[in-house]
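Trainee: Supplied in structure tokens, the structure appears directly below.
The values are calculated or read from the model by the stated rules, or taken from the named source; none is laboratory data. These numbers were taken from a predicted model, which means no experiment stands behind them. Cβ sites come from the backbone with ideal geometry, for glycine too, and all protein chains shown count toward neighbours. Only protein heavy atoms, including side chains, enter the accessible area calculation; ligands, DNA and RNA are left aside. Shrake-Rupley method; radii C 1.70, N 1.55, O 1.52, S 1.80 Å.
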Amino acid sequence: MSILITFFIGVFSIFFSKLLLRQWFNHLSIYTVIWMSMIILYELKLMAYFDLRVETWIIIIFAFVALWLGSLTVILARTTKNNESDEISYFDYKSVPIFADNGKTLKKVIIIFTLIGSLSAFYQWWVLIKEFGSLTAVLLHAAIIYQLRVQGEISTGIPYIFALVHVALILSGIYSAYKGKFNIFILFPFIILILKSVADVARAGMLLGFLGYFISFFICKQFFDLVYRNKQNRNRKKVVISIIFLVALIITGAAIVKMFRSPSENYMASSSSLRKWESGLIISPTIYLYSSSHIGVLNSYLINQDENNHFGESTFFPFYRFISKLGVIKKPSYYQKGYFFPMWSNTGTYLRDLHSDFGYAGVFIFPFLIGMLATIFGYRYYSTGNIRDLIILIYIYIMIAFSFLNIASRMGIWLIGLVVLMLIIPLFKRAFNKSLSEQSNKFSLDNPQDN
């Protein structure tokens, strides 16, 4: 029954969000699809998951309603004001600084950031090969490397530098939408992302990079569709083929990580139907666990409630890590406490982070604010094409898409990427001014004034 109710509420919410926001790809539909899928997978009980308590259902519904209320507050305010159009006015996209020189500066930044970020991945591989003796030995000891990384006993690359690859992926999504096609150089940051994820023996970073690219791509694609009033066929067939190829690439990367980290999956709590996939690379008990278990962790956390976080510790985790280096507080662990339900996992959705940081108030206030901000910056970006609004909107969407796992602001890569993108905006403005200057000089030469 819970599966049917979840499905019908989810489908209705997706269509209603399209009616309100006039786009299929919006923050409400993203949140709905992700949480509807996770709840349905959990309730299928392909593993012997514990039943969700009433309190868990209340918190999930509470946050869902809060997100919608935050969005509806902005929508109703605009309707009441009745002096702003929901539709974009046609304008030359070259008036947007990031595209001023036909994307040349954007392309250079993508390549440079990928090259710098790749140093972290290559350094990490160098350390691993030096430690274990060969590339083959590293792959064979992947499970041990994962344990050492969790315990903080092995290098994870040059700190913070790899965040630039995630920035490059976001900018690549913008570039692909602008060009209306996939360019071959964009493969480079994806390959580096997979190399780093295999070295980490982890998939969360790969998922974050994947989300960054596709969220920025679809937001910008919708923007161009509005600019051109849906009249321009921007190589749709090539775009679809490119998306399929990139999805296949990421799935392959995740399968490689899974294969070396846990080549054999013998989960006693799995159902007989799920055990049939124990040797599968893509569909497997581990993938099912990764896709559905986070609500189970939230449920177990609410039963125990034995975590004593500082105020906002998970939400502002990078800040707490920083001040711990000053000796003000004890260094918080990057890895959260795990629970058995009866499988073991330690990531309990963003709701666990909010509840442990702020209590029930956080479970309502934060989704409400996210709904408001996503709607505000969505209207602003689709009305003006402002690059700052675009960046903020992308990072809000990433936070929403990542909500099934944990709160995205907990990850230093998410925060560093946001700061870096805000700092490089002046670079694109300088390129814009230079382009205007060159066009002005060319016009003066082509049209000399008679004396």
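Trainee: Which of the residues that make up region 99-127 are open to solvent by less than 60 Å² (accessible area, probe 1.4 Å), farther than 15 Å from F162 by Cβ and more than 22 Å from the chain's Cα centre (by Cα)?
Mentor: F99, A100, D101, G103, T105
Trainee: Can you tell me which of Y42, Y31 is closer than 21 Å to S291 by Cα, at pLDDT 95 or above and surrounded by 14 or more Cβ atoms within 10 Å (Cβ to Cβ)?
Mentor: Only one candidate passes the filter, namely Y31.
Trainee: If you don't mind, there's one more thing I want to ask. Consider F218 carefully, then state whether it is open to solvent by 20 Å² or more (accessible area, probe 1.4 Å) and part of a loop (DSSP other than H, G, I, E, B).
Mentor: Considered against the rule, which asks whether it is open to solvent by 20 Å² or more (accessible area, probe 1.4 Å) and part of a loop (DSSP other than H, G, I, E, B), F218 comes out as no.
Trainee: Confirm whether R430 is of a type in the set (K, R), modelled with pLDDT of 70 or more and in contact with an Asp or Glu (Cβ under 9 Å, 6 or more places away or on another chain). Reasoning before the result, please.
Mentor: Numbers: of a type in the set (K, R): yes; modelled with pLDDT of 70 or more: yes; in contact with an Asp or Glu (Cβ under 9 Å, 6 or more places away or on another chain): no.
Here the answer is no, as R430 does not meet what is asked.
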